[in-house]
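What follows is a single structure, written as structure tokens, with notes after it.
The values are calculated or read from the model by the stated rules, or taken from the named source; none is laboratory data. None of these values were measured; they are calculated from a predicted model. Every residue, glycine among them, receives a Cβ derived from its backbone with ideal geometry; neighbour counts consider all protein chains shown.
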Amino acid sequence: MSSEAEAETVAAPPRRGLLLILSSPSGAGKSTLARRLLAEDDAISFSVSATTRPMRPGEVDGRDYHFLDRAEFERMIAEDALLEWAEVFGHLYGSPRAAVEAAIGQGRDVLFDVDWQGGQQIRNSALGHAAVSVFILPPSIAELEARLHHRAQDSEAVIAGRMARARDEIAHWAEYDYVLINRDLDDCTADLRAILRSERLRLARNPAVERHVAALNREFDARMKGGN
């Protein structure tokens, strides 16, 4: 192998990063699944969204969200600095573009915890070719409502709004590459892990395979020359 080819092999990431999109109605478990996946897999990082909603107790700016005022968020929209954005329950949410592009360019994966609108925008963006989308369904509507009450994060009025919105969100399930029913958290986590592993092995995301085949062919050529 020439020094130029060796340098290219060293510099190139072993595979192309992907964008793992998780969507669900509130309470179906996508955030819990995301936390589990991030805790056990160093090759994937969380896309920290920007939002104009107030910080909740226990949240940390830059870890849970980038908490912005509306003027700053609207400036990012105007500068096309967001991969996706939407207004939900009176607050703006969006995914900063620069950090995502840098991560997948280095062969790392990025996880998005977004609603169906955010997922749609990511799939339709310039980075849509790198997206893998998974929709999480609850086992029942009764269980969905029970989970919203159990987590005790929202007022009764907000929970009612989330339940009213759930039917419209679930209606978009067929737009996703994969759909998981979160009956059991451990089983659903295992299925999500299997999806990620399989998608990482896709040939289109593994330029190292092409380089390896080229190296095998050079070995064949060398053997033929040696035999002559």
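Inside the stretch 161-204, can you point out the residues that are assigned to a helix (DSSP H, G or I), closer than 19 Å to Leu19 by Cβ and out of contact with any Phe, Trp or Tyr (no Cβ under 6 Å at 6 or more places or on another chain)?
Glu175, Asp191, Leu192, Arg193, Ala194, Leu196, Arg197, Ser198, Glu199, Arg200, Leu203, Ala204
Looking only at the stretch 95-134, which residues are assigned to a loop (DSSP other than H, G, I, E, B) and charged (D, E, K, R)?
Arg108, Asp115
Conditions first: (1) on the phi > 0 side of the Ramachandran plot; (2) modelled with pLDDT of 90 or more. Gly17 passes all but one, so which condition is the exception?
Failed condition: (1).
Of all residues in the stretch 78-110, which are hydrophobic (A, V, I, L, M, F, W, C), under 13 Å from Ser45 (Cα atoms), touching a residue at least 12 places away in the same chain (Cβ under 8 Å) and out of contact with any helix residue (DSSP H, G or I) (no Cβ under 6 Å at 6 or more places or on another chain)?
Listed by number, the residues that qualify are Ala99, Val100, Ala103.
In the stretch 172-207, which residues are free of Cβ contacts under 8 Å to residues at least 40 places away in the same chain and of a type outside the set (S, T, N, Q)?
Hits for the stretch 172-207 are Trp173, Ala174, Asp184, Asp186, Asp187, Ala190, Asp191, Ala194, Arg197, Leu201, Arg202, Leu203.
Are there any pairs with C-beta distances below 8 angstrom linking a residue in the stretch 53-68 that is exposed (fewer than 10 other Cβ atoms within 10 Å of the Cβ) to a residue that is modelled with pLDDT under 95 and aliphatic (A, V, I, L, M), with the two at least 6 apart or on different chains, and if so which?
Note: pairs meeting the criteria are Gly62/Val48; Arg63/Val48.
Would you mind stating whether Asn217 is out of contact with any Phe, Trp or Tyr (no Cβ under 8 Å at 6 or more places or on another chain) and either in contact (Cβ under 8 Å) with a residue 60 or more places away in the chain or surrounded by 12 or more Cβ atoms within 10 Å (Cβ to Cβ) (or both)?
Taking the combined requirement at face value, the residue does not satisfy it.
Identify, please: which residue in the stretch 20-41 is closer than 24 Å to Ser125 by Cβ and assigned to a helix (DSSP H, G or I) and is, among those, modelled with the lowest pLDDT?
Ser31
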